[in-house]
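The values are calculated or read from the model by the stated rules, or taken from the named source; none is laboratory data. Not measured: the values here are computed from a predicted model. When we count neighbours, we look across all protein chains shown, and the Cβ atoms used for this are built from the backbone with ideal geometry, even at glycine. Accessible surface is based on the protein model in full, side chains and every heavy atom, while ligands, DNA and RNA are left aside. Shrake-Rupley method; radii C 1.70, N 1.55, O 1.52, S 1.80 Å.
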Amino acid sequence: MSDSGMVNLTIEGRAVSVEPGTSVLEAAKTVGVLIPHYCYHPGLPVAGSCRMCLVDVEKAPKLAPACATAVAEGQVIRVHTEKARTARKGVLEMLLINHPLDCPICDRSGECELQDFTYQEGPAESRYRDPKRFNPVEDFGGDVVYVPNRCILCTRCVRFMDDVAHDPVLNVEERGDRAHIGKFEGKDLTHPWAANVIDLCPVGALVSKDFLNKARVWELDRAASVCTGCSQGCNLVVETRDNVVMRLKPRPNPEVNEFFICDHGRLNYRWMNRRDRLESPAIRGAGGYEAVDWDVATAGAARILKGKRVFVLASPNLSNEALWLLSRLIRKSGGAGAFRMPNGSEAPLPGVVDLALRADRAANGAGAELLGMTRSESPLGGLQAGDALLIVDHDLAPEDVAFAGRASAVVVAGTAMPAGLERADVLLPMCNVVEEDGTFTNLRGRVQRFLQAKAPSGLARPSWYVLSGLCTALGDSAEYFSASAVFDALATEHTEFAGMSYGVLGLRGRRIASQADAEVRA
Amino acid sequence: MGYPYKPHASETLVLSTHFGDPEARTLKGWKDRGGYRALETALGMDPAAIIGVIKESGLRGRGGAGFPTGLKWSFMKPDDGKPHYLCCNADESEPGTFKDREIMRWTPHALIEGCAIGAYAIGAETCYIYIRGEFTEPLQRMEDALAEARAAGIVGRNAMGTGKTINVWVHKGAGAYICGEETALMNSIEGKRGNPRIKPPFPAVAGVFGMPTTINNVETLTAVPHILNQGGAWYKNFARSDNPKSTGTKLWSVCGNIARPGNYEMVMGFPFGEFLRDICGGALPGRELRAIIPGGSSVPIINMEEADRALMDYEGMAAVGTMLGSAGCIVIDNAQSIPRQVARLARFYAHESCAQCTQCREGTAWTTKILERIVAGNGTAEDLDTLLDVADDMTGKTICVLSDSCAVPVVSALQRFRGDFEALITKKTVHTVPVVVS
């Protein structure tokens, strides 16, 4: 070991310097060498059993499993020697002897590690001439279906349930080539985080009921996003086809959700595709709502709000950008803003520190409070008679509807007409979270970006654009033409966000300094 | 040879002296035959001195690997502040091997004494005897003897009145071959699925319950009291003069097509041909010996020319391209189909593979399917090459050696008896005597 405390070695001719105790497989990743593997997953304990990651270690007589071999000073690792390639080819041939070649009807096809590595370095043909093993498909409960014929027994699912979810449901049943994944008697994959086994499965053995036969993965477009299911702020990939969200997948972020998302977040996407959206700006006239131009609608809303105290009912799922623009509007009119936080029961993932489906079931409660909105069980309680009410994508409870009656005027900016609202004077259609760019602040003060994944519905505009237009119409001098510009202005005004920009946040986000420091001190 | 026959004059009885003598099973009977003297001596000695005697004796592991026992014990660091464990591997499941079974059936106290000495020597207060699930009678004998030994204060919290704690427990397996692999055995003791663990860490660093553990075979531990009673030098003398590396006596389990199957206790280095033909009585009437698997089913199969040249110790067997292994000797005569025997062995390994490693899980089953197809007369010319290729994929690439053990009989049989396989593929008859079909 060198003086720096780092271990220096060579992998595929590239110099590597990593912390002691790092596996060869992880060390190789740092220099862009992906050693093929199946049973290894960075979020799970090492099994070392698929034998796919065998590499040549100079001076060692036998090939070593890269996942279970710790780096050593001066080690010389070769991944693509004849010996190592032959061994891995042998493993691939063995994995395929009982694996059906049903890729055309397999949901995993296109994102299957068995496909990928077979294309990369597997044998072109099998020498296997005997019948394949057959086991029937089994419902594992939750969102998970098990297709045992495709299973390669990597046991990632078993280890996830045992060591991460701490809910031992799965096991390896039988021995030899009869082995398959089984459930313990009377148990099902009902753990709130159980569907992660689908993402962990390197092949099509564990598939999602929700996504089953819905799309071929190569037809999907992908965008980085953040889950709106709770205040944890798990990082997501939103996958769409033809402007329809088909599924949500976890996006690794060691600071927030490691590699996982909960089932609640995973399956909470159908509202993103809802068809009863506000699609055109409108003004209420004698004959009901009249579709108008954006300019007319914005000017109309400004006319109504001007000179009045504006009370804002803002959804805790609005972006920081939208909330900040609202806070400017509130300040200017001397009004107030509030929101109600939807609630549910908390469901932790015990194997990961500080990761849970939180009781606060919205993404940006922390951001809303930081930007001056009041969290309340009765958010319209503070609405004064004569106030102009601006409802920004917030649902109305029956009692809210009664309160809303007190308002002198109602402007609705949002994705849909709030249920129960009798009348609004102006409707301003907004994009939902997967149709716009923005940032959320999670419960630990981590500010994270989400990116547009699909086209807006109808004439809807991004929330920051709608609200900055409204601010301008109300006399604000600044004009913004991108979400990042709004964020830059926000960061200049609020010290908590000082130094942040979309470039700085990247796709993993950054924590608000004061809060992080306060916790370190504590 | 012990029970049920009289020993042969060329045998050297140490461990098997009391085989067939029901009185030796009882505590009183065992004490009358000199039992527990060695334990008394040992508990008065420094543990390092015991390890010294074992090292001097040259005793090597009798389970198959032949690792020097004294050296293995010396890996256990005294005063490391951790509880140490001794595991006795009584999961004798290797096809062809049945020596430990007889030790436990006839001299259970000898094993308990060996375990107690071993535990004391490595600083362990707990010894687990992991016994094979199918061993119902040996299990009963062991439990009876252990109850007697506990009641007499030989083992327990105040072993032999010395104030030292040596607890011995018998743990019954569920009948999995793989649980004879040392780390799978430890998982099984811990209540987990008996899957072998990745090494390192080795058991001496992190074994059962993550603590330093030594694991020894039944025969190894049973030899220990004799060595302590009579001295390391005495044991060391049981060797051929030109090979001091293999010492002592070895129990040979002989089965298959041989006139007198059974357990034989032989001095290391005895000529193998003489052993088979004279002591074991040679071939059955009208037959000829054709092939031998000398050390349990996991070692290379050899032909009679090699067997006649071989000497019965670790190095002597290695010299003819096979291994001493567990000395479970399977004899095959000219009335057997060697491909069929090899297919049967492969089927055993395919059944017993723990299913962790890809090459083993799939390879053992694939090997079996090919071999059974050849035996059924549906083999093709490419099958033999495929078998060798698959065997190569299965060798030296997995967590434990079960996969290698399946490949070994296949490769060695193809090296020495390829004609038998080719004949089945080309449908020619090679056997002069009708092949036994049962």
Selection status of residue A:132, within 13 Å of another protein chain (Cβ to nearest Cβ) and within 14 Å of residue B:393 (Cα to Cα): no
Count of the range A:104-143 residues which are assigned to a helix (DSSP H, G or I) and more than 25 Å from residue A:182 (Cβ to Cβ): 8
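Confirm whether residue A:229 is within 30 Å of residue B:358 (Cβ to Cβ) and assigned to a loop (DSSP other than H, G, I, E, B). Write out each step before concluding.
Values: within 30 Å of residue B:358 (Cβ to Cβ): no; assigned to a loop (DSSP other than H, G, I, E, B): yes.
No.
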In the range B:151-169, the residues that are small (Gly, Ala, Ser) and crowded, with 16+ Cβ neighbours inside 10 Å: B:156, B:159
Cross-chain or 6+ apart pairs with Cβ under 6 Å, the range B:345-357 first and more than 7 Å from chain A (Cβ to nearest Cβ), then β-branched (Val, Ile, Thr) and buried (at least 24 other Cβ atoms within 10 Å of the Cβ): B:346/B:367; B:346/B:368; B:347/B:368; B:349/B:364
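Of the residues B:42, B:38, B:49, which is surrounded by fewer than 16 Cβ atoms within 10 Å (Cβ to Cβ), of a type in the set (A, V, I, L, M) and modelled with pLDDT of 95 or more? Write out each step before concluding.
On the way: B:42 fails: surrounded by fewer than 16 Cβ atoms within 10 Å (Cβ to Cβ); B:38 fails: surrounded by fewer than 16 Cβ atoms within 10 Å (Cβ to Cβ).
Selected residue: B:49, the only one of B:42, B:38, B:49 that is surrounded by fewer than 16 Cβ atoms within 10 Å (Cβ to Cβ), of a type in the set (A, V, I, L, M) and modelled with pLDDT of 95 or more.
Per-residue answers, yes or no, for (1) crowded, with 19+ Cβ neighbours inside 10 Å; (2) of a type in the set (Ser, Thr, Tyr):
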| site | (1), (2) |
| --- | --- |
| A:206 | yes, no |
| A:242 | no, no |
| A:257 | yes, no |
| A:269 | yes, yes |
| A:281 | yes, no |
Some residue of the range A:84-92 being within 8 Å of chain B (Cβ to nearest Cβ), free of Cβ contacts under 8 Å to residues at least 24 places away in the same chain and on the phi > 0 side of the Ramachandran plot: no
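Quick check on my filter: what residues within the range B:185-206 are more than 16 Å from the chain's Cα centre (by Cα) and either hydrophobic (A, V, I, L, M, F, W, C) or within 24 Å of residue B:49 (Cβ to Cβ) (or both)? Steps first, answer last, please.
From the range B:185-206, those more than 16 Å from the chain's Cα centre (by Cα) are B:186-206; that's our starting set.
B:186, B:189, B:198, B:202, B:203, B:204, B:205, B:206, listed by residue number.
Can you list the strands (runs of 3 or more DSSP E) lying wholly within the range A:239-334 that have 2 or more residues being of a type in the set (Lys, Arg), touching a Phe, Trp or Tyr at 6+ places or on another chain (Cβ under 8 Å) and modelled with pLDDT of 95 or more?
Details: elements: A:244-250, A:282-285, A:288-291, A:310-314.
Once the strands (runs of 3 or more DSSP E) in the range A:239-334 are filtered for at least 2 residues that are of a type in the set (Lys, Arg), touching a Phe, Trp or Tyr at 6+ places or on another chain (Cβ under 8 Å) and modelled with pLDDT of 95 or more, nothing remains.
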Verdict on residue A:114 being surrounded by 15 or more Cβ atoms within 10 Å (Cβ to Cβ), modelled with pLDDT of 95 or more and either facing another protein chain (nearest Cβ under 10 Å) or under 27 Å from residue A:351 (Cα atoms) (or both): no
Positions within the range A:183-197 being open to solvent by 10 Å² or more (accessible area, probe 1.4 Å) and not in a loop (DSSP other than H, G, I, E, B), in sequence order: A:183
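Being touching a Gly at 6+ places or on another chain (Cβ under 7 Å), open to solvent by 20 Å² or more (accessible area, probe 1.4 Å) and within 30 Å of residue B:345 (Cα to Cα): is that true of residue B:198 here? Explain how you work it out, then say what you get.
Values: touching a Gly at 6+ places or on another chain (Cβ under 7 Å): yes; open to solvent by 20 Å² or more (accessible area, probe 1.4 Å): yes; within 30 Å of residue B:345 (Cα to Cα): yes.
Here the answer is yes, as residue B:198 does meet what is asked.
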Subset of the range A:41-62 (residues that are open to solvent by 20 Å² or more (accessible area, probe 1.4 Å), without any contact (Cβ under 8 Å) to a residue 60 or more places away in the chain and part of a loop (DSSP other than H, G, I, E, B)): A:46, A:58, A:59, A:60, A:61, A:62
Options B:342, B:390: the member that is open to solvent by less than 10 Å² (accessible area, probe 1.4 Å), of a type in the set (Val, Ile, Thr), at the interface with chain A (Cβ under 10 Å from one of its Cβ atoms) and at negative phi: B:390
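Condition check ((1) assigned by TED's automatic domain parsing to the domain that holds residue A:446; (2) open to solvent by 20 Å² or more (accessible area, probe 1.4 Å); (3) modelled with pLDDT of 95 or more) across all residues:
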residue: A:467; (1), (2), (3): yes, no, yes
residue: A:478; (1), (2), (3): yes, yes, no
residue: A:488; (1), (2), (3): no, yes, yes
residue: A:498; (1), (2), (3): no, yes, no
residue: A:507; (1), (2), (3): no, yes, yes
Cβ-Cβ under 8 Å pairs, at least 6 apart or on other chains, the range A:168-181 side in contact (Cβ under 8 Å) with a residue 60 or more places away in the chain, far side of a type in the set (S, T, N, Q): A:177/A:98; A:177/B:353; A:177/B:364
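Specify which of the listed residues (A:371, A:357) is farther than 22 Å from residue A:322 by Cβ, touching a His at 6+ places or on another chain (Cβ under 8 Å) and buried (at least 24 other Cβ atoms within 10 Å of the Cβ). Before you say what the answer is, go through the steps one by one.
Values: A:371 fails: farther than 22 Å from residue A:322 by Cβ.
Sole residue among the options that is farther than 22 Å from residue A:322 by Cβ, touching a His at 6+ places or on another chain (Cβ under 8 Å) and buried (at least 24 other Cβ atoms within 10 Å of the Cβ): A:357.
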Checklist (1) in contact (Cβ under 8 Å) with a residue 24 or more places away in the chain; (2) open to solvent by 10 Å² or more (accessible area, probe 1.4 Å) applied to residue B:318, failing item: (1)
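Tell me whether the range B:104-111 contains one or more residues that are at pLDDT 95 or above and either open to solvent by 10 Å² or more (accessible area, probe 1.4 Å) or within 26 Å of residue B:198 (Cβ to Cβ) (or both).
Yes, the range B:104-111 contains at least one residue that is at pLDDT 95 or above and either open to solvent by 10 Å² or more (accessible area, probe 1.4 Å) or within 26 Å of residue B:198 (Cβ to Cβ) (or both).
Answer yes or no as to whether residue A:303 is in contact with an Asp or Glu (Cβ under 7 Å, 6 or more places away or on another chain), surrounded by fewer than 18 Cβ atoms within 10 Å (Cβ to Cβ) and within 28 Å of residue A:337 (Cα to Cα). Steps first, answer last, please.
On the way: in contact with an Asp or Glu (Cβ under 7 Å, 6 or more places away or on another chain): no; surrounded by fewer than 18 Cβ atoms within 10 Å (Cβ to Cβ): yes; within 28 Å of residue A:337 (Cα to Cα): yes.
Here the answer is no, as residue A:303 does not meet what is asked.
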Hits in the range B:1-23 - residues which are surrounded by 20 or more Cβ atoms within 10 Å (Cβ to Cβ) and outside any loop (DSSP other than H, G, I, E, B): none
Selected residue [touching a Pro at 6+ places or on another chain (Cβ under 9 Å) and either open to solvent by 10 Å² or more (accessible area, probe 1.4 Å) or within 14 Å of chain A (Cβ to nearest Cβ) (or both)] from B:370, B:301, B:330: B:330
Only one of A:338, A:404, A:366 that is under 30 Å from residue A:160 (Cβ atoms), outside the structural domain of residue A:226 (by TED's automatic domain parsing) and either in contact with a Cys (Cβ under 6 Å, 6 or more places away or on another chain) or among the small types (Gly, Ala, Ser) (or both): A:366
Scan of the range B:376-426 for residues that are closer than 21 Å to residue B:332 by Cα, under 29 Å from the mean Cα position of the chain (by Cα) and not aliphatic (A, V, I, L, M), ordered by number: B:405, B:406, B:409, B:412, B:415, B:416, B:417, B:418
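Restricting the search to the range B:26-46, which residues are assigned to a helix (DSSP H, G or I) and over 19 Å from residue B:224 (Cβ atoms)?
Listed by number, the residues that qualify are B:28, B:29, B:32.
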Top-ranked residue in the range B:373-385 [being under 16 Å from residue B:411 (Cα atoms) and facing another protein chain (nearest Cβ under 10 Å); ranked as surrounded by the most Cβ atoms within 10 Å (Cβ to Cβ)]: B:383
